[in-house]
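Okay, so here's the structure we're looking at.
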Amino acid sequence: MSLSSFYSSLLSASSTDPAVQTSFLGNHSSLLDPDQAALCEGLLTSECFTALHGMARRKAPGLDGLAIKFYLKFWNVLGNDLVAVLHACFASGCLSLSKRRGIICLTFKKADRLDPRNWRPVTLLNVDYKLASRLIAGRLLKVIHLVVDKDQTCGVPGRFIGENVALLRDVIDYASSSDIPIAILSLDQEKAFDRVDWSFMRSMLSAMGFGPSFISWVDLFHCCVQSSVNVNGYLSPFCSLSWGVRKVVLCLHCCIFLCLRFLRLTFVETLVFVVFAFQALPLCHPFLSMPMICPSSLHRMILFLPFLRRILFLRKHLVLN
């Protein structure tokens, strides 16, 4: 399989069940009140230049070749025009073609070089696109701690992912000293960011109480986006994306952590305790097209069911208190 066909297939959405998604989201009420949701609303303002200063330097530019230093140097000349263009794109519901296009560059990981799965993709995007995403992500980060639970630490300002490592150690120590048999299951889904259904993400934001302006900005960042694969300096034809989240798009990246919040609740409802490290997800995604674990793994999971009530006991005393 060629790299181009591999990524064209990977970035093309598979069928999902809207009824299942609706049923899943219907079990959760809105979490943001109107005042909190208002913090994420509105057009871009003078915050643009501040966000630009906060972006990492010495990063490879996108298809237009313009690096961050260019925008910093000439912001007084083009800053107002750039903000006006972004507002025009927001009003039309679609970014310009150059902003929507990304170049996938590959770095080798291990094993067979002919297997596309053994190459790590990094999408190069234009700075103006990443700047707009960073601004909206900054708004989300103001309220994200209000909509994810305290024991979900990844991607939330003021929380430390190492706390869950300590929690796992304490659970094992408590179970050993109390002679309690337990089962701790950690799952990792392959290509998690590339398989997020856009309609589910939109419905999720609405269910959490985010306003129409913020949701429209999120929609804008994946509307009609395209990617091309760079192979030895040659670009493949551009293909359109129909699902998935570009990891370098900070706003969409943060939305993944909101998805994890819903998925974590699914675990609690099905009597499964999971220590979230980064991509520890439940057995089956309502917004994905395929199960996350094979039948044999699911069978082994069923064997642990007699011990799950004891796991909930540990969660009550070690997490909630």
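The values are calculated or read from the model by the stated rules, or taken from the named source; none is laboratory data. Keep in mind the model is a prediction, meaning the values are calculated, not measured. Ideal geometry is used to build each Cβ from the backbone, glycine not excepted, and the neighbour counts take in all protein chains shown. We work out accessible area using only protein heavy atoms, side chains counted, and drop any ligands, DNA or RNA first. Shrake-Rupley method; radii C 1.70, N 1.55, O 1.52, S 1.80 Å.
Below are the figures for this structure:
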quantity: Residues (open to solvent by less than 20 Å² (accessible area, probe 1.4 Å) and either assigned to a loop (DSSP other than H, G, I, E, B) or modelled with pLDDT under 70 (or both)) located in the stretch 175-186; calculated: Ala183
quantity: Counted residues, the stretch 17-31 - those being open to solvent by 40 Å² or more (accessible area, probe 1.4 Å) and either at pLDDT 75 or above or not small (Gly, Ala, Ser) (or both); calculated: 7
quantity: Condition broken by Ala137, with the remaining ones in (1) open to solvent by 40 Å² or more (accessible area, probe 1.4 Å); (2) in a helix (DSSP H, G or I) satisfied; calculated: (1)
quantity: Matching residues in the stretch 83-113 - criterion: being closer than 22 Å to Cys239 by Cβ and open to solvent by less than 50 Å² (accessible area, probe 1.4 Å); calculated: Cys89, Gly93, Cys94, Leu95, Ser96, Lys99, Arg100, Gly102, Ile103, Ile104, Cys105, Leu106
quantity: Test: Ala13 is modelled with pLDDT under 85 and either in a loop (DSSP other than H, G, I, E, B) or exposed (fewer than 13 other Cβ atoms within 10 Å of the Cβ) (or both); calculated: yes
quantity: Residue ranges of helices (runs of 4 or more DSSP H) in the stretch 192-271 with at least 3 members out of contact with any Asp or Glu (no Cβ under 7 Å at 6 or more places or on another chain), open to solvent by 20 Å² or more (accessible area, probe 1.4 Å) and modelled with pLDDT of 75 or more; calculated: 198-207, 212-222
quantity: Index of the failed condition, Gly155 passing every other in (1) closer than 28 Å to Leu52 by Cα; (2) modelled with pLDDT of 85 or more; (3) in contact with a helix residue (DSSP H, G or I) (Cβ under 9 Å, 6 or more places away or on another chain); (4) open to solvent by 10 Å² or more (accessible area, probe 1.4 Å); calculated: (2)
quantity: Residue within the stretch 32-39 that is within 25 Å of Gly93 (Cα to Cα) and at pLDDT below 85 present; calculated: no
quantity: Any hit, the stretch 114-131, residues being modelled with pLDDT of 85 or more, part of a strand (DSSP E or B) and either polar (S, T, N, Q) or exposed (fewer than 12 other Cβ atoms within 10 Å of the Cβ) (or both); calculated: yes
